[in-house]
Structure formats: structure tokens, C-alpha cells
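Inspection log for the structure reproduced underneath, given as C-alpha cells.
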Amino acid sequence: MYAPPVPAASDPLLPAYVRAAGGVALRFGRVGARTLRLDLSESGGYRARFPTTFDATSEAVLINTGGGMAGGDAMSVTVDLGFGSEAIVTTQAAEKIYRSQGGDTRIETHLTVAAGASLCWVPQESILFSGARLNRRLAVDLAADARLVACESVFFGRSAMGESVQRGALRDRWRIRREGRLVFAEDVRLEGAIADTLGRSAIGAGARAAATILVAGGDLADRLEQVRALAEEAQAGAVELGAGLVCDLLVVRLLSPDAQALRRVLVTLLGHLTGRALPRTWST
């Protein structure tokens, strides 16, 4: 099947002023025995809602009222946890990244976790349509004893509808700092014939979905054993899973030709690693 070339980001068909831009900035703090939202800033079509919780943790759900993002759209998310606070931040739904007419879709996330604080950053997956150009960046600043569970996942097309990403671009950058010192840096770049690239045995072996989980703080050796105990079952279900300790961080990788199988394993893993059920938006 013929796939028309994707225009270069430097030569978009649509000018920047017709594209969507905005984001959400959140600040949480400990007030007595509970974590409360202290500040909220919303711009563009992006919103945050705060379901009621029955423990000390505050929960935030990020919403894109536009229902997806296209080339040239930009979103920024900032989450700042004060001393001793606990929060879990997710999204209302998977983020759809539609075909680009030239420009990149940009998603930038900056997480700051203060001393004694704990953050679970667990957005639902980004779904790339053929021709999408996603440039995604995650930056995290951790205090010495801050705790973090962060997860990002990407689905290459909607497998239930027989879709694949024949052409497009993905750039995914992670930068994690502990007390200002860089402890984890990673860049992933896929460009051009993505489906063909992922079909190569040394890269994806036919993968249609991928995810990374990063855990900082707590008993990482114990958590690593939990992950390894689940790995055999996951791999029997067509999900390739690997885990290890890197610079006092637990890093978990998941890869699968079956996006929904990967999602099911991801839900189980995140439940173990966070010690709590995922927000209800993951099951609605």
C-alpha cells in the first residue's frame, strides 16, 4: 500500500498560529495528615480534575478537551510536590497523536519531588497514528529521599482496528536528576518507516507497543524481585519484559506485538510497584 511521505517538521503545511498550545501546572503540599492541591494553572484546552481520595494521597486527572493532538500542537505539564506530600497523577484517557502535516506534536513534562515526598506519574498510553510526529520529553528533579514511580507507554496504531504506523516519527527523551545530579538519561528516536523498523528482530521483533517504568526510592531490590516474579507469566502472554537496577533506580521495559496484552501486564506491574490500585480512569 502506498504511504505518502510525511512533510518535514521544518516545512509544515499549516502555520503555527492555528495549532493548539497549552498545559497544566500543579503544586501539591502537605497540610496536616493529608496532601492538598495548593496551586493549579490551566491553559489552552487542558484541564485537571481531582477525584476524592480516602487516604493521605492526592489524585489528579489530566484532561485534553480537544480529544487528541496533531502536528504542531504543544502541551506542557508541570507537577511540583512539596515536603512530605504524596500524589498520583494520571490522564483521563489515552492521548491520540494524529497524522502530522509537517510539524511535531510536542509534549513536555517536568516533575519536581521534594524531600520525603512521593509521586506516581502514570499517564495512559500515547497512541500514534500513521504519519504522526511525536516529540515527547520527561524531566524529573528528585530530592535525596524522594520517591517516584514514573511510567510512559506508546502504542503504534490501534491494533484492534488493524492499524499500524507505516511512517512517522517518535522522539522520546528522559532526564532524571537526584539532588541536581544527572542519574538517568535516555533518548529514543524512530523516524521514517516505523513499522518496518519495529519489525526488525534486533529492534522490536514486530512490536506494536512499548513501555518504560522507572522507580526511585524505597526497597528497590525487593521491587525488582516482584517484577522478576511477574516476568515469566508476562512473557508467556507474548509480552517481553526486562528489569534491572541502574544508578539506584529500578528500570523496567515492556515490549509486545499485542498492545492490550502489554496494557494488562502494565496494570499489574504498576499495582505492585505503587502499592495501590490504579486510578479509575485506567478501567473506564
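Within region 1-44, track down each residue that is surrounded by fewer than 14 Cβ atoms within 10 Å (Cβ to Cβ), modelled with pLDDT under 95, small (G, A, S) and on the phi < 0 side of the Ramachandran plot.
Within region 1-44, A3, A8, S10, A16, A33 meet the criteria.
Check off (1) farther than 18 Å from L266 by Cα; (2) in contact with a helix residue (DSSP H, G or I) (Cβ under 9 Å, 6 or more places away or on another chain); (3) of a type in the set (V, I, T) for V122 and give me the number that stays unchecked.
Just one mismatch for V122, condition (1).
Select from region 96-112 the residues that are of a type outside the set (S, T, Y) and part of a loop (DSSP other than H, G, I, E, B) and write down the one among them that is farthest from I176 (Cα to Cα).
Q101
Considering D141, D196, which residue is acidic (D, E), open to solvent by 30 Å² or more (accessible area, probe 1.4 Å), free of Cβ contacts under 8 Å to residues at least 60 places away in the same chain and assigned to a helix (DSSP H, G or I)?
D196
Are any residues in region 49-79 surrounded by 21 or more Cβ atoms within 10 Å (Cβ to Cβ) and touching an Asp or Glu at 6+ places or on another chain (Cβ under 8 Å), and if so, which ones?
S58, N64, M69, G71, G72, M75, V77
Just name the residue that is farthest from D219 (Cα to Cα) out of those in region 147-167 that are small (G, A, S) and modelled with pLDDT under 95.
So the residue we want is G162.
Cβ-Cβ distance below 8 Å, separation of 6 or more or different chains: which pairs start in region 86-101 with a residue that is in contact (Cβ under 8 Å) with a residue 60 or more places away in the chain and open to solvent by less than 60 Å² (accessible area, probe 1.4 Å) and end on one that is among the basic types (K, R) and in a loop (DSSP other than H, G, I, E, B)?
What qualifies is I88/R276.
Identify, please: which residue in region 253-277 is more than 27 Å from A205 (Cβ to Cβ) and touching a Cys at 6+ places or on another chain (Cβ under 9 Å) and is, among those, most open to solvent (accessible area, probe 1.4 Å)?
Per the criteria, the residue is R276.
Please indicate, with yes or no, whether at least one residue in region 166-186 is within 23 Å of A238 (Cα to Cα) and among the charged types (D, E, K, R).
No - not one qualifying residue is present in region 166-186.
Run down A93, A115 and say which single residue is under 30 Å from D196 (Cβ atoms), in a loop (DSSP other than H, G, I, E, B) and of a type in the set (A, V, I, L, M, F, W, C).
A93
Please tell me if R158 is under 21 Å from the mean Cα position of the chain (by Cα), of a type outside the set (S, T, Y) and within 30 Å of G84 (Cβ to Cβ).
no
Identify all residues within region 239-276 that are among the charged types (D, E, K, R) and under 17 Å from the mean Cα position of the chain (by Cα); write none if there are none.
Selection gives R253, R263, R264.
Please specify each residue of region 229-252 satisfying the condition of being loosely packed, with under 14 Cβ neighbours inside 10 Å and assigned to a helix (DSSP H, G or I).
If the condition is that a residue be loosely packed, with under 14 Cβ neighbours inside 10 Å and assigned to a helix (DSSP H, G or I), then A229, E232, E233, A236 are the ones that fit.
Any residue in region 20-49 that is in contact (Cβ under 8 Å) with a residue 60 or more places away in the chain and more than 14 Å from L62 (Cα to Cα) sitting within a Cβ distance under 9 Å of a residue that is crowded, with 16+ Cβ neighbours inside 10 Å and of a type in the set (F, W, Y)? List the pairs, counting only those 6 or more apart or interchain.
Nothing qualifies.
Consider V122 against the criteria (1) at negative phi; (2) surrounded by fewer than 19 Cβ atoms within 10 Å (Cβ to Cβ); (3) in contact (Cβ under 8 Å) with a residue 40 or more places away in the chain: it satisfies all of them except one. Which criterion is unmet?
(2)
The values are calculated or read from the model by the stated rules, or taken from the named source; none is laboratory data. This is a predicted model, so every value here is computed, not measured. Here Cβ is always computed from backbone atoms with ideal geometry, including for glycine, and neighbour counts include all displayed protein chains. Ligands, DNA and RNA are stripped out before the accessible areas are found, and what is left, the full protein with its side chains, is counted by its heavy atoms. Shrake-Rupley method; radii C 1.70, N 1.55, O 1.52, S 1.80 Å.
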